[in-house]
1. How charged is the neighbourhood of Ala43? Take every other residue with its Cβ under 14 Å from the Cβ of Ala43, and add Lys/Arg as +1 and Asp/Glu as -1.
2. Count charges around Arg140 for me, please; just the other residues with Cβ under 11 Å from its Cβ, Lys/Arg as +1, Asp/Glu as -1.
3. Only helical DSSP H runs with n ≥ 4 go in: add -39500 (n - 2.57) per run for the chain, normalise by residue count and round the 222 nm mean residue ellipticity to 500 deg cm²/dmol.
4. Of the peptides 154-165, 211-222, how do they stack up when ordered by the mean number of other Cβ atoms within 10 Å, highest first?
5. For segment 175-182, just list the computed ³J(HN,Hα) in residue order, Karplus coefficients 6.51, -1.76 and 1.60, θ = phi - 60°, integers in Hz, with x standing in for Gly and Pro.
6. Using alpha-carbon positions, what is the distance between the centroids of segment 75-91 and segment 238-259, in Å?
7. Could you list Glu102, Glu150 in order of exposure, starting from the residue whose Cβ has the fewest other Cβ atoms within 10 Å?
8. Where nothing but the Cβ of Lys and Arg (+1) and of Asp and Glu (-1) is charged, how large is the charge dipole of the chain around its Cα centre, in debye to the nearest 20?
Amino acid sequence: KPAQVAKPAPATKPAPKVAKVEKGAEGGGIRRVPMTRIRQRIAQHLVGAQQNAAMLTTFNEVDMSGVMALRAEYKEQFTEIHGVSLGFMSFFSRAVAMALQEFEVINAWIEGEEIVYHDYVNLGIAVGTERGLVVPVLQRVEQMSMAEIESEIKRVARGARDNRLSMDDLTGGTFTITNGGIFGSLLSTPILNAPQSGILGMHAIQQRPVAVDGKVEIRPMMYVALSYDHRLVDGQQSVSFLVRVKQLVEDPVRLLLQV
């Protein structure tokens, strides 16, 4: 009989990574779970942002009365005409785009020994997903109408949650907005999205007493925060930029007319 040749054993697949269970204090359990690749990248990116910039944060508050009144009056017509709802993010996106054209240094970043200025605004919008934080980018926001901004926000947010964003959707940002208010955050210090020099943090709207023309009134107020790279952006510039955003959002008609 001819000699039989043994067949090679089938290649074994590497065992999936599993959580390690250990004993903790007084018999309590401890689990060690491997980080996902996206969580590793997020961690590296955020640590790098802290280490490679002189990050500071300045704060202000915005009276949302005008925006809320405008939305209440026109949101149904806006949706009927444009097919998208009118949210708060589009007002802040428009205000940021206008303010960045006045304060160009906040739309710039440091590259080696040079400052890179941008004559356009590509706005990153932080979106929380089950896989972690994703920052899709709205291209050329300074050229967009409110309806176009809302439509793009809806598209990229849906794409982020469905993991269907292209590389063009995730690159090229020059400034970022994050909204912790949707989770109930009242105040925070957002971390820069490197290599950018600025990030705006929106927060929850809260009814608070404020002084208006010498009288105390209850107004819907939102704290806003601007984190910036102090290597490039001076304190006066950061404060003035945030005040400009505040002024624009508090006067939404002026914001829509871009004056």
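FYI, it's all coordinate maths here, none of it is from the lab. Everything quoted here is computed from the prediction, not taken from an experiment. Because the Cβ atoms are built from the backbone with ideal geometry, glycine has one as well, and the counts that use them run over all protein chains shown.
1. +4
2. Neighbourhood net charge equals -4.
3. -11000 deg cm²/dmol
4. Output ranking for 154-165, 211-222: 154-165, 211-222.
5. Couplings: 7, 10, 10, 10, 10, x, x, 5 Hz.
6. About 20 Å separates the Cα centre of segment 75-91 from the one of segment 238-259.
7. Glu102, Glu150
8. The dipole magnitude comes to about 2020 debye.
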